[in-house]
Amino acid sequence: MKISKIMSVASALTLSLALTSCGGDTANDKKNDNAKAPAETSESADNKAEENKDGEAETPTGETVKVTMVTDEGGVNDKSFNQSTYEGLNAYKDEGKSDFDYIESHSTAEYQPNLESALDSESDLILTVGYALYNDTVTAAEQNPDQKYAIIDNANIDKVENLLGITFADHQNSFLAGYIAGMKSESNHVGFVGGQVSDVIDRFEYGFKAGVKQAAREKGTDIKVDVQYANSYSDQAKGKNIANQMYQEGADVVMHAAGGVGIGVIEAAKENDKWVIGVDRDQSEEAPDHMLVSTIKGVGDAVKLVIDGLNKGEFEGGTTKEFTLADGKAVDIAYAKNDLVSQEIKDKVEELRKEIVDGKIEVPQNEEEFNSMGYDK
């Protein structure tokens, strides 16, 4: 018997708070035996898509949009982009502009069955979070052409008509974070911890390394960059072990782009009294005395734009929407409130930001571009 994992918003919020208070990973791996698909009500039935003359579902305009979110293995309490998506959806629910459920994945094997369960909610939009869900999302979209889908962090490579890809120029704000790391480093030795090797994390890694190189040129010295991948987005202990080793070998700043693994990286920074750089959302509250800056991926803002479109009966299926530094808060950085970064460095960061937006600085997205642009020299 298949147990549906769709949780109501109320239970989702309760779970999120509970996980935060418990440290997340252990509680996050437990099944919620009481979680089940919400019963269909007359209100939800009224909000369902109506069939047009071509047999395709149309979202009724001016009504509450129903969204079902499917997370990657990091879960909603990853303090990263899954959590940002959840928070964005919850904020819009509070404004009366959407209603949502979520299904939390604990492993890649759960993606396909979770997408099947998502259909039970009869939502206007099924939203998958994380590039790792791309293949399963494409399969689900092709099998259910009347259902609208959107995926965070992956382009709609196959141009599936009922799928919208949403991507972010993570290499651009990672460049700024790398510059800050390089300028702040006293040992001229920094580190980068990735989740799993992919085109997405390549953007973080090589954008960061290019920013460090920019700082090295200004300082007139070499800056060593350690790079290691955890091959996970949820193993906090592994993240902590990797960061501990980097700090003990001389790095004094480490950036992570690893979802829930990053929680362990942050803990290592605090225990070693070193600096860390957060990812995807402002993570300064996790380490206010050690977090230099966080790269911001405005997933919540992107999702709101999609919902606004659905409220107007609009959906850009078959395409990809990319957000860049030029879009402001959708791709940005957030400094810690303790002003660990000097105003002089901040002013230079704003100059670099403008040069990136204006196209005067090209930021690499992968190793090939990093080398061809001369950052390897």
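Quick notes
- Ordered from highest to lowest accessible area with the whole protein assembly present and a 1.4 Å probe, E186, E218 read as E186, E218.
- Inter-probe distance in nm under a simple model that places probes 7 Å from Cα toward Cβ, at N241 and N371: 3.1
- Summed over the residues of segment 160-288 and divided among them, the accessible surface reaches 31 Å² per residue at a probe radius of 1.4 Å.
- Taking 0.36 nm per residue of separation and subtracting the Cα-Cα distance, full extension of the segment from K224 to D146 would add 22.9 nm.
- Chymotrypsin sites (Phe, Trp or Tyr not before Pro) within segment 199-305, DSSP loop, no more than 14 other Cβ atoms inside 10 Å: none
- Residue order for M69, M183 - accessible surface, 1.4 angstrom probe, largest first: M183, M69
- R0 of 30 Å, Cβ-Cβ distance D94-E63: FRET efficiency to nearest 0.05: 0.95
- Computed from the C-beta positions of K329 and Q248 and an R0 of 25 Å, the FRET efficiency is 0.10 to the nearest 0.05.
- Spin-label model distance (nm) - E355 vs L119, 7 Å beyond Cα toward Cβ: 5.2
- Given R0 = 25 Å, the distance between the Cβ atoms of S187 and D289 translates into a calculated FRET efficiency of 0.85.
- Label zone at E322, where the point sits 7 Å out along the Cα-to-Cβ direction: segment 205-230 residues whose backbone N lies under 15 Å: 207
- Taking amide H positions as modeled 1.01 Å from N, with prolines and chain starts lacking one, the residues under 5 Å from H256 and 5 or more places away or on another chain are V193, I277.
The values are calculated or read from the model by the stated rules, or taken from the named source; none is laboratory data. Just so we're clear, the structure is a prediction, and the values are computed from it rather than from any experiment. Please note: Cβ atoms are built from the backbone with ideal geometry, for glycine as well, and neighbour counts cover all protein chains shown. These area figures cover heavy atoms from the full protein model, side chains too; ligands, DNA and RNA do not enter into them. Shrake-Rupley method; radii C 1.70, N 1.55, O 1.52, S 1.80 Å.
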